[in-house]
Amino acid sequence: MLSCMTVGMLCLLFGCLMLTGHSSASRAPKLNIKAKEIVIHAGQPLHLTCSGEENVFWKFSAVLGKDSKRLHITQNVCEGHPKKVCRRRLTLRKAQINDTGFYSCELYSSFKRPARRDLSTSIYVFITEPNTPFVEMHRNIPGVVRMIEGEELVVPCRTTSPNITVTFKKMNSGVLKADGQNIIWDYKRGFIIPKPTYRFIDLLSCEATVNGSVHSTKYIIIRLTSAIHSMQLNVSSSIRLLTGNSLSINCTVTADLNSRPEIQWEYPGLKKRKLAFIINRMDRSNPKSITFYSILFIDKVQRIDEGQYICAAKNGQLTKSVNTTVRIHAKPFINAKPKHKGILEAVAGQKSYRISVKVRAFPSPEVRWLKDDLLAADKCARYIVGDNHLIIKDVAGEDAGIYTISLHLKEENLTKNLSMRLIVNVKPQIYEKSVSFQESHLYPLGSKQTLRCTVFGVPAPTITWMWHPCPPNDSKAQCDVTTKNDLPVILGKNSSHLGNKIQSLKQRTQIIEGKNKTASILVIEESKASGVYTCVATNKIGSERRHIRYYVTDIPNGFHVSLNKEPAEGEDLILSCSVNKYLYTDISWTLLRKTGNRTMHHSISKQRDAVTTEYSTTLVALIKNATHADSGSYSCRGKNIYTGEVIQQVKEIAIKGDNCNKKTSFSRTSKLKRRKSNCTTESSGAH
């Protein structure tokens, strides 16, 4: 195989001059000999001249060594302007056979760029000598050729002349024919095998007949792979032992069948002249690979054996290593401390919470986790126990408590307990919101009332009350729950036009359902203003609100139907329906009559005719000059704004005639028929 001198060597030998500039349009340099190859006899001189458009340098494969005085290369001589031509001459005195090879001239600009053919010109020089057909002769001791997997194999039996016929042979197998595909002959390189297989691993020879004599050069093919397929120790990356224990580490190396990796150990005792006992063995049971074992053994380890143990395998140019660290302890021990200092805090609703402990112990202890002195795993299925941690799934308030990790070395009779307190913070919860708690929206005008807000949370929440008045008296807007423009409730300071006078605002703690809850009690001295009271409970986790609609009413139960007076025939019939204006809407009067099995609804008046006052809305049903035909069931209906429920009250009206001896009856299934009346009076009912 041909090799080229480094640029540094060329500069050392020839004093070359580097030019920083070059023309991108430079062409390949020219030689004084046009031929691609020439033949000269050994002992003759070789004269080559190279010329180019910039400085040039020579490269060749010959390694002259102590014979470097036979070589002379001139400095670059450049002439001409603007077109410059630089020349450099190479002279080799008394050429020898091993000077055979390529001689190349290149432009200096190629130093700083990838190799380009158009910047280089070469000639191949054969140095011939009678009775010496090969450049390299290995008669008695074969030359060594290494076959590398995946690369072409070259048997370098180059000839000293292009006209020499060479025969390729394999020991005990006869001639190997160069077919131009599997085996290629190139007198400048030798025999080339593009895809070598194991059958070429043998003693090969190249033979040539010169002047009636047979000459042979021999090569031994060695297939050495440097691959290491795997390498591992039978222990973890860290080993801990007690003083006096034995240490055994097995290093396993797997490589190709024809590999012979060298395994060496480095360990602390080696530097202190305490040698370990090492056993090496090999396993060839696998037909595709070979496994090497190296076992390091130390009996009764001491503190000087503590440190890093390295197993290194060298296979050709490749070196791999694995290591482990050995710690030596004088006696068994247990050390434990929480991963986080102080009281532990979780939040109810978390998907999981991890209680971790830093444990240093040897040997490995038995581990138990306790929750309030009971085994955690038995106490709750949501607890997942590990050696150095406990995980709580779906954290709840009941998970608060004392958690203890108990570490025990049975043989050494050594125990270590570590307890940690866990607080589970809970967002405020208002009891009246979480249970089915119905509270009236209506409060009689002038009445004294008590509002209550019972709260649980961790940490204990602070409770405040806010007040939002309903719209002014003349507004038809609904009294909606809102947090805008809320006013704080202050004891005794709410003026009549903003709210109700507060008699007291107290707070007390009590146990409800096993939890320590706080009750805030607001006492209203006199109900005069409608609005919304809001109880706000806040802690560091969040806040919770409870809105209480507080509608003051001057009407019993907030819905009432009244008759102005009992009408006589010819007089006006006047019915009034009054409702709390913040609780009911869509008020209407309807006369109900039955015809057969059907009930007929006759609308009399609707919401648009109603009159709104400070607390109520009143809708009047007026029938002028009432007659017997106007007798019947008069229904006032209204819809609850918040529940959508329709409520009604019915008045049964009978119109008195002039003759009370006449009887008048009302049929619910037919049109009104007049008969003699006994002067029945009105009656009412609510639904």
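Bear in mind these aren't lab numbers, they're just calculated from the coordinates by the rules spelled out. Everything numeric here is computed off the predicted structure, so don't read it as measured data. Glycine also receives a Cβ, built like all others from the backbone with ideal geometry; neighbour counts cover every protein chain displayed.
Laid out as a table, the results:
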item: About the Cα centre, charge dipole magnitude for the chain (Lys/Arg +1, Asp/Glu -1 at Cβ), debye; result: 900
item: Estimated distance in nm for a label pair at Asn388 and Phe297, the labels positioned 7 Å out from Cα along Cα-to-Cβ; result: 3.3
item: Cα gyration tensor, the range 565-608 - rounded (a/c under 1.5), prolate or oblate; result: oblate
item: Partners for Lys36 among aspartates and glutamates (Cα-Cα distance below 19 Å; same-chain residues under 8 apart left out); result: Asp99, Glu106, Asp118, Asp186
item: Computed FRET value (nearest 0.05) for Ala35 with Ser216, which takes r as the C-beta separation and R₀ as 30 Å; result: 0.50
item: Residue-by-residue Karplus 3J(HN,Hα) for the range 531-538, coefficients 6.51, -1.76, 1.60, Hz, glycine and proline x; result: x, 10, 8, 10, 8, 10, 10, 9
item: Thr627/Thr585 FRET efficiency (R0 41 Å; Cβ-Cβ; nearest 0.05); result: 0.80
item: Charge sum, other residues only, whose C-beta stays under 10 Å from Ser520's C-beta, Lys/Arg counted +1 and Asp/Glu -1; result: +3
item: Of Lys59/Lys94; Lys274/Lys320; Lys448/Lys506; Lys484/Lys506; Lys581/Lys606; Lys351/Lys379, those spanning more than 22 Å from alpha-carbon to alpha-carbon; result: Lys274/Lys320; Lys484/Lys506
item: Per-residue [θ]222 nm for the chain (sum of -39500 (n - 2.57) over DSSP H runs n ≥ 4, rounded to 500); result: -500 deg cm²/dmol
item: Alpha-carbon centroids, the range 168-240 and the range 500-534: separation in whole Å; result: 100
item: Of all DSSP beta bridges in the chain, antiparallel share, percent nearest 5; result: 90
item: ³J(HN,Hα) computed for each position of the range 378-387 - Karplus, 6.51 cos²θ - 1.76 cosθ + 1.60, integer Hz, glycine/proline x; result: 7, 6, 8, 6, 7, 8, 10, 9, x, 5
item: Rounded to whole Hz, the Karplus (6.51, -1.76, 1.60) HN-Hα couplings of the range 207-222, x for glycine and proline; result: 10, 8, 9, 10, 6, x, 10, 8, 10, 9, 10, 10, 9, 9, 9, 10
item: Most positive-pole-ward Cα, Ser289, Gln308, Thr252, against dipole of the range 242-357 from beta carbon charges; result: Gln308
item: Where trypsin sites (Lys or Arg not before Pro) fall in DSSP loop in the range 264-320, at most 16 other Cβ within 10 Å; result: Lys272, Arg273, Lys274, Arg284, Lys288, Lys300
item: Amide proton proximity set for Thr100, modelled H, under 5 Å, gap of 5+; result: Ile127
item: Two-decimal Rg to Rh for the chain - Kirkwood Rh, Cα set; result: 1.41
item: Those lysines that a straight Cα-Cα span of less than 23 Å connects to Lys314, excepting residues fewer than 8 apart in one chain; result: Lys271, Lys288
item: Label-point gap, in nm, between His408 and Ile423 - each point 7 angstrom along Cα→Cβ; result: 3.3
item: Under 5 Å, built H, 5+ apart or other chain: amide partners of His329; result: Leu241, Leu242, Thr243
